[in-house]
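To start, the structure itself, in structure tokens.
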Amino acid sequence: MLNPLRVLVSGLTQTSTRCCSGYVSRMRFLNRLKQDDVFCAESVSDSDLILFHSLKPLLKKNPDRSFSSVSLHHRELNSLLQKLGADPSIIQESVLIGCSDRGSALFCLDLAAVDVAAAVEEESGAVFVDLRKSFFLLSDSEAPLVAKAQALLRWHQTHRFCSFSGKPTERNRSGTQRVTAGSTVIHYPQMSPVVIALVHDGSRCLLARQASFPPGLYSALAGFCDMGESVEEAVRREVAEEAGLEVLSVTYSGSQHWPFPNSSFMIGCFAAVSPTHSQLSVDHSELEDAQWFDLKQIQTGLQTAPPKKGAPVVTWFPPRHAIGHWLIAEWAEQQRHHVTQR
């Protein structure tokens with residue numbers, strides 16, 4: 001299985017070669033929306049909006065049993081809010097998250113302030129779902145967009161005051177920044193750097209679980225980067241702390257925004273350890289369990305769905321659009337190729 005990030009980068013490269021102007025024009029349109037408050041405000045009236053309530057995205061079940069996020073055009077949402085007796089001016093609190101291929105802006109909006117969750121669910125035939133759960137329901141293309149939207153909405157909710165002066169902050173129309181009232185101090189949305197490393201000894205890979213994980217879920221080791229650390233240093237430290245292993249080499253694989261716990265920038269790596277020094281010494285204050293998995297076990301886990309409530313516990317891995325899944329799948333593909341080459 002190919003790393004989706006590499007497929008995306010490759011696709012952008014090919015697209016740029018064939019029709020560079022399309023991508024460039026969309027990026028410049030987005031940049032104007034971010035910088036020009038008047039233009040952005042005017043664009044909202046011809047935009048689509050993805051809906052949330054208390055940071056839960058509104059999802060609808062499709063005929064094929066898949067799920068998708070619910071977006072409404074500005075005029076549809078305006079009419080719906082009026083019908084429900086809510087103030088349509090809340091739409092002005094929407095946050096820019098992208099634009100479509102046809103050049104219309106895409107915003108997100110949290111409806112918690114007008115408390116119409118039940119009515120919106122009834123009108124739309126959809127339901128507001130916890131973001132963690134929604135990651136197992138949405139497609140690979142929709143999950144990152146919903147994650148970005150939720151992260152931006154949460155950032156605005158938690159940064160209404162300047163952390164230095166304590167004064168209120170005011171957002172620009174697109175929601176890409178906040179400015180401290182009465183000053184020129186600008187605040188931008190932030191992500192915390194996190195290394196996520198798939199440790200391997202040549203024929204096995206190491207997966208672990210925290211006590212907070214759903215039953216049976218195992219993933220790669222992960223931890224926040226300390227101030228002043230390089231990615232390589234952070235990987236070596238985390239593996240030493242959590243598993244008691246010394247890393248020989250670190251190889252970068254890809255990166256991903258992850259909305260948990262409060263917007264992380266996940267930096268995915270492979271960490272090689274010596275097969276002759278692979279005895280685990282697990283820090284149980286950090287991990288509930290850690291185990292070595294061979295290729296067959298990994299292939300089985302990649303095909304295993306999360307167990308339903310009340311069902312027997314089985315080993316399963318992160319959802320397919322999570323970087324933890326990418327790393328596990330990429331390692332399995334490398335191992336499979338290596339085995340067939342023997």
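In table form, for the structure just shown:
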| read-out | value |
| --- | --- |
| Relative contact order, percent, the stretch 36-116 [alpha-carbon distance under 8 Å, six or more residues apart] | 37 percent |
| The stretch 112-160 shape via C-alpha gyration tensor axes, a/c threshold 1.5 | oblate |
| Rounded tilt (10° steps) of 74-83 against the dominant C-alpha axis of the chain | 70 degrees |
| Within the chain, helix-based [θ] at 222 nm, where runs of 4 or more DSSP H residues each add -39,500 (n - 2.57), nearest 500 | -11000 deg cm²/dmol |
| Residue-wise HN-Hα coupling along the stretch 101-107, computed from phi with Karplus coefficients 6.51, -1.76, 1.60 (Hz; x: Gly, Pro) | 5, 8, x, 9, 6, 10, 10 |
| Local electrostatic count at residue 231 - Lys and Arg +1, Asp and Glu -1, tallied over other residues with Cβ under 12 Å | -3 |
| Length released on extending from residue 104 to residue 292, taking residue separation times 0.36 nm less the Cα-Cα span | 62.8 nm |
| Formal net charge of residues neighbouring residue 276 (Cβ-Cβ distance under 14 Å; K, R +1; D, E -1) | -1 |
| Fluctuation leader among 270, 293, 213 - the chain, Gaussian network, Cα springs under 10 angstrom | 213 |
| Cα-based shape type of the stretch 192-341, given that a ≥ b ≥ c are square roots of the gyration tensor eigenvalues and the cut on a/c is 1.5 | rounded |
| Cut-off under 5 Å, modelled amide H: who pairs with residue 171 long-range | 179 |
| At R0 = 45 Å, FRET efficiency that the Cβ-Cβ distance of residue 179 and residue 237 yields, to 0.05 | 0.75 |
| 0 to 90° range, to nearest 10: angle between helix 4-35 axis and the chain longest Cα axis | 30 degrees |
| Eligible aspartates and glutamates near residue 133 by straight Cα distance, threshold 20 Å, same-chain separation 8 or greater | 64, 110, 121, 142 |
| 9 Å beta-carbon shell around residue 128, net charge (K/R +1, D/E -1) | -1 |
| Residue 304-residue 227 FRET efficiency (beta carbon distance; Förster radius 45 Å; 0.05 resolution) | 0.70 |
| Residue with peak Gaussian network fluctuation, the chain [Cα springs, cutoff 10 Å], from 277, 257, 325 | 277 |
| Listed residues 118, 332, 149, most fluctuating in the chain (Gaussian network, C-alpha, under 10 Å) | 118 |
| For residue 106, distant residues with modelled amide H under 5 Å away | 97, 98, 99, 100 |
| Cα-based reach from residue 309 at 19 Å (exclusive), listing aspartates and glutamates while leaving out same-chain residues under 8 positions away | 130 |
| Over 23 Å between alpha carbons, listed pairs 34/60; 34/148; 56/148 | 34/60 |
| Relative contact order of the stretch 192-341, pairs being alpha-carbon contacts under 8 Å that are 6 or more residues apart, as % | 30 percent |
| Average silhouette area of the stretch 221-266, convex hull of alpha-carbon atoms, in square nanometres | 3.6 nm² |
| Contact order relative to length of the chain, as percent, for alpha carbon pairs under 8 angstrom and 6 or more apart | 15 percent |
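Bear in mind these aren't lab numbers, they're just calculated from the coordinates by the rules spelled out. Because the structure is predicted, anything quoted here is derived from the model rather than measured. Because the Cβ atoms are built from the backbone with ideal geometry, glycine has one as well, and the counts that use them run over all protein chains shown.
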